[in-house]
Amino acid sequence: MNEFHYHTSDNYPLSRGRNDSWQDVYAQFSLRPERDLELLDGLIERKNETLSRADFEDLQLHCARRGITVIPEIEAPGHCLSITKWKPELALANKKDLLNLTHPDSIPTVQRIWQEFLPWFQTKEVHIGADEYDPTLADDYIRFVNEMERFVRTSSGKGIRIWGTYEPSENLSISQQVVVQHWQYGQSDPVALARSHYQVINSEDWWAYMTLKNDHTPIFPAPYAQFFNQTRIFDFAGHGGWQWEPSLFNPVNTTEQLPTGSHQNKGAILAAWNDNGPDATTQLEAFYAARRGIPLVASRAWGGRRGPLIDIAKWLTSVECFARRAPSQNLDRNIHGIRVATNNSSTIFSWSRPHSAGESQQSRVVLGYGSKGPEYTMTLLVTGPFNLSSSDATLTLSPSGDLIFYTDGTPYPLRSVAPTDGFEAGQPGRIWSNVTTSTHELVRLPVAQKRMEVTMTGDYIGGSRVWVNGHFAGRFEVFVYGGRNTLFSWSQMAFVAPLDIVEGGIESIQVGSEVCPPDS
């Protein structure tokens, strides 16, 4: 892997609903303007969800030290709610997250945004998005892409990429200087593009796409995996043993592929989309969804057709071995170097509040162990309200008994679900709102008790689940809007166990490296 494609802006697609309430739909632009203050005031809704130039430079430097180039994408003329909320007059009348490219201020506004940020980008190519636009406006779309190609090239010397998009114009064509990132048949044909001398990138959604937390059922395209689907790498197009490599695009007409070694093929990029909203997936959950896919795609992309095949019998052992030992990172949130003498062989951390004379039993204690990622079981002996925190998350028990996880500024209270809900094989972690006995009501713990045992398990399918004094209490979850269909659902939240700072009424903590609920 030598590129990180960074999607700087997006919104819930209004084509799935909410076009009438578009001004209330979440949209965010993630880079913070520093020269053009009108952009700062108009484009940015939440400054705390943005990166400064120094932040972004740190990201680029961090990646460059590991041989990775950041490819930034600023999306237009579709997925443009950040712009149309700022300038509603630029939106199409019937599709409020699409720019009206015939408005005289639309293209200058997009170019103004690029003018602010082009000096930030340490790369030879940038991505202008340009996908999922109205095909009846194909000529306007093509003029936009070509004008942006000229603007970016003359302003910075950089080339541009776009997503493959259906643009059935009989009058115009996209400049051959533009790199096309293919993502779906019906939107683009990579073989035809290569024959017409376009450079292409393989992000064919059949193998490359994940939709974090839930797929789009029953809205097409439903089959996007919640976790990377490695079987589509091992058995391309459903053919057993035919391992994918970057020249393989078409999983239906398997004779229509690019030639091995084609100079028109720049390589492949896998994609993880947070289509279910800003609060549906934590950053670490997003990593875990792609955790196995990244080394698999890297191996097959670098090896290609002439390289060695992956040994299916050994690949998972290799991934687990090297993922936990990758230098200068601990995305698995493992706790190293702890030895605990207990009767439970899976126990990796144990702490009891010291009973020192004159020391408050509510005082702040620095544990200093960061977080423990899934899988885990954490047992707390609780005597009252508390905070248990790390840089990843904070677990809080309020005086009224509300047990709440906070991460990235978002609260997730404990909710009541049936113990057996959320384990449907085809929809891991999902509880459909219309086929469940779960109430999803807030759960309050009995803080009036002098002490209680709170047990929490964490895994990426079941999420973070809680037992109080041995009885199942519920799970932490998020409501997911269903779009045009009425099948709304709740999805699991899988939090890490915070083990950095303890404050308040926790008398002891014990953490194990396996999921061992009290009723198992």
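The values are calculated or read from the model by the stated rules, or taken from the named source; none is laboratory data. This structure is a prediction, so every number in the text was calculated from the model and none was measured. In this analysis, Cβ positions are derived from the backbone assuming ideal geometry, glycine residues included, and neighbour counts consider all displayed protein chains.
Can you find, within region 106-142, the residue that is surrounded by the most Cβ atoms within 10 Å (Cβ to Cβ) among those that are among the aliphatic types (A, V, I, L, M) and over 15 Å from Gln60 (Cβ atoms)? Ranking the candidates gives Ala130 first.
Strands (runs of 3 or more DSSP E) fully within region 376-495 that include at least 1 residues being among the β-branched types (Val, Ile, Thr) and without any contact (Cβ under 8 Å) to a residue 40 or more places away in the chain: 394-397, 403-407, 463-468.
The set of residues in region 299-322 being among the aliphatic types (A, V, I, L, M) and either closer than 17 Å to Gly240 by Cα or not assigned by TED's automatic domain parsing to the domain that holds Glu245 (or both) consists of Leu309, Ile310, Ile312, Ala313. The single condition among (1) part of a loop (DSSP other than H, G, I, E, B); (2) under 27 Å from Phe4 (Cβ atoms); (3) not hydrophobic (A, V, I, L, M, F, W, C) that Arg153 does not meet is (1).
Of all the listed residues (Asp41, Asp55, Asp36, Asp24), the sole one being closer than 26 Å to Asp215 by Cβ, acidic (Asp, Glu) and assigned by TED's automatic domain parsing to the domain that holds Gln115 is Asp24.
Please name all residue pairs, on different chains or six or more residues apart, with Cβ atoms under 6 Å, provided the first residue is in region 179-194 and is under 15 Å from Val145 (Cβ atoms) and the second residue is among the charged types (D, E, K, R). Short answer, once both residue conditions are applied: Val179/Arg161; Gln181/Arg161.
Screening region 299-324 for residues that are surrounded by 11 or more Cβ atoms within 10 Å (Cβ to Cβ) and assigned to a loop (DSSP other than H, G, I, E, B) and picking the one that is modelled with the lowest pLDDT gives Arg324. Those strands (runs of 3 or more DSSP E) of region 187-287 in which 3 or more residues are buried (at least 20 other Cβ atoms within 10 Å of the Cβ) occupy 200-202, 209-211. The set of residues in region 143-162 that are without any contact (Cβ under 8 Å) to a residue 40 or more places away in the chain and either surrounded by 15 or more Cβ atoms within 10 Å (Cβ to Cβ) or of a type in the set (D, E, K, R) (or both) comprises Val145, Asn146, Glu149, Arg150, Val152, Arg153, Ser156, Gly159, Ile160, Ile162. Exactly one residue out of Ser489, Ser438, Ser464, Ser433 is polar (S, T, N, Q) and under 25 Å from Ser371 (Cα atoms), and it is Ser464. Go through the residues of region 165-172 one by one and say whether even a single one is within 20 Å of Ile201 (Cα to Cα) and among the hydrophobic types (A, V, I, L, M, F, W, C). No, region 165-172 has no match at all. Just one of the listed residues (Asp139, Asp36) is touching a residue at least 12 places away in the same chain (Cβ under 8 Å) and either under 29 Å from Gln187 (Cβ atoms) or among the hydroxyl-bearing types (Ser, Thr, Tyr) (or both), and it is Asp139.
Out of curiosity, is Leu40 of a type in the set (A, V, I, L, M, F, W, C) and in contact with a Pro (Cβ under 7 Å, 6 or more places away or on another chain)? Spelling it out, Leu40 is indeed of a type in the set (A, V, I, L, M, F, W, C) and in contact with a Pro (Cβ under 7 Å, 6 or more places away or on another chain). For region 158-174, taking the residues that are assigned to a loop (DSSP other than H, G, I, E, B) and in contact with a Lys or Arg (Cβ under 8 Å, 6 or more places away or on another chain), the one that is nearest to Leu98 (Cα to Cα) is identified as Leu172.
Which of the residues that make up region 124-138 are farther than 15 Å from Gly164 by Cα and in a helix (DSSP H, G or I)? If the condition is that a residue be farther than 15 Å from Gly164 by Cα and in a helix (DSSP H, G or I), then Thr136, Leu137 are the ones that fit.
When you look at Val180, is it aliphatic (A, V, I, L, M) and touching a Gly at 6+ places or on another chain (Cβ under 6 Å), yes or no? Yes.
If you check Trp183, Trp242, Trp206, Trp163 for being of a type in the set (A, V, I, L, M, F, W, C) and touching a Pro at 6+ places or on another chain (Cβ under 9 Å), only one passes: Trp206. Out of curiosity, is Gln23 exposed (fewer than 14 other Cβ atoms within 10 Å of the Cβ) and polar (S, T, N, Q)? Yes, satisfied.
Among Asp408, Asp402, which is the only one that is closer than 19 Å to Gly277 by Cβ, outside the structural domain of Asp279 (by TED's automatic domain parsing) and surrounded by fewer than 19 Cβ atoms within 10 Å (Cβ to Cβ)? Matching residue, one of Asp408, Asp402: Asp408.
From the residues in region 425-434 that are under 18 Å from Tyr460 (Cβ atoms) and surrounded by 14 or more Cβ atoms within 10 Å (Cβ to Cβ), which one is farthest from the chain's Cα centre (by Cα)? Out of the qualifying residues, it is Ile431.
Pro428 meets all of the listed conditions (1) in contact with a Leu (Cβ under 7 Å, 6 or more places away or on another chain); (2) within 22 Å of Arg333 (Cβ to Cβ); (3) at pLDDT below 95 but one, namely (1).
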